[in-house]
Amino acid sequence: MQLAWSWPGAALVAALLVPTLIWARSGPVPPDLAPRWLAGIEGVSRVLFLLAAILTGGSATWSGWTTGVLLAMAGYWACWLRFARGPRTVAELYRPALGIPVPMAVLPPVAGLLLAGHGRSWPLLAASVVFGVAHVAVALLHAAATRGSR
């Protein structure tokens, strides 16, 4: 494994950041419910996840891994579209879909895991696991707190 620009990784990062940046400008802000240590792990692991995707995400070849990444991202974008067309509340950000409790938190790390398989990237695999655990834990805290506000 060597560090090099990864177009699939850059595409994943762009696909993750575009809706998040749009929402950050005008969307509802979830309350800060996570313990400081968990929020810190989530923040650091998010940066490592994004950097690992861009620097070790593999080449622009097609594989079953690529199909999985695209399916995970299609689900992520479908959840964003559901949010954009719905009431746009904090609770809506954490609404389950297809049996996944917090799909907007689960699907990005899943896409990262699949991209790690595509690029055979141990750093991206590790970053995806740590980010996934922290991100889902924070999302579950928010989901539990907002469950009654739908």
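Taking each residue of the range 75-96 that is over 20 Å from Ala145 (Cα atoms) and looking for partners that are of a type in the set (A, V, I, L, M, F, W, C) and surrounded by 15 or more Cβ atoms within 10 Å (Cβ to Cβ) with beta-carbon atoms closer than 6 Å, six or more apart or interchain, yields Gly75/Leu107; Tyr76/Leu107.
Please specify each residue of the range 30-60 satisfying the condition of being of a type in the set (Gly, Ala, Ser) and either under 27 Å from Ala145 (Cβ atoms) or at pLDDT 95 or above (or both).
Ala34, Ala39, Gly40, Gly43, Ser45, Ala52, Ala53
Here's the yes/no breakdown for (1) crowded, with 19+ Cβ neighbours inside 10 Å; (2) modelled with pLDDT under 95; (3) over 15 Å from Ser128 (Cα atoms):
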position: Trp62; (1), (2), (3): no, yes, yes
position: Leu71; (1), (2), (3): no, no, yes
position: Tyr76; (1), (2), (3): yes, no, yes
position: Arg88; (1), (2), (3): no, yes, yes
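If you go through the range 97-108 and pick out every residue that is free of Cβ contacts under 8 Å to residues at least 24 places away in the same chain and surrounded by 22 or more Cβ atoms within 10 Å (Cβ to Cβ), you end up with 0.
When the helices (runs of 4 or more DSSP H) confined to the range 66-147 are screened for residues that are farther than 23 Å from Leu55 by Cα, those reaching at least 3 such residues are found at 90-93, 122-146.
Each row is one residue, and each column tells you yes or no for (1) of a type in the set (Gly, Ala, Ser); (2) within 19 Å of His142 (Cβ to Cβ).
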| position | (1), (2) |
| --- | --- |
| Ser26 | yes, yes |
| Leu38 | no, yes |
| Ile41 | no, yes |
| Ala53 | yes, no |
| Thr67 | no, no |
| Arg85 | no, no |
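Residues in the range 34-54 that are in contact with a helix residue (DSSP H, G or I) (Cβ under 7 Å, 6 or more places away or on another chain) and of a type outside the set (Gly, Ala, Ser) were compared, and the one that is surrounded by the most Cβ atoms within 10 Å (Cβ to Cβ) is Phe49. As a summary of the residue check, Leu93 satisfies the conditions (1) within 16 Å of His142 (Cβ to Cβ); (2) loosely packed, with under 15 Cβ neighbours inside 10 Å except for the one numbered (2). Whether any residue in the range 122-139 is under 24 Å from Ala24 (Cβ atoms), of a type in the set (A, V, I, L, M, F, W, C) and touching an Asp or Glu at 6+ places or on another chain (Cβ under 6 Å) is what I want to check. Yes - at least one qualifying residue is present in the range 122-139. For the criterion of being of a type in the set (Gly, Ala, Ser) and over 12 Å from the mean Cα position of the chain (by Cα), Gly75 fails. Mind listing whichever residues of the range 18-31 are in contact (Cβ under 8 Å) with a residue 24 or more places away in the chain and either under 16 Å from Met73 (Cα atoms) or surrounded by 12 or more Cβ atoms within 10 Å (Cβ to Cβ) (or both)? Matches in the range 18-31: Pro19, Trp23, Gly27, Pro28, Pro30.
The values are calculated or read from the model by the stated rules, or taken from the named source; none is laboratory data. This is a predicted model, so every value here is computed, not measured. No Cβ is skipped: glycine too gets one built from the backbone with ideal geometry, and neighbour counts run over all protein chains shown.
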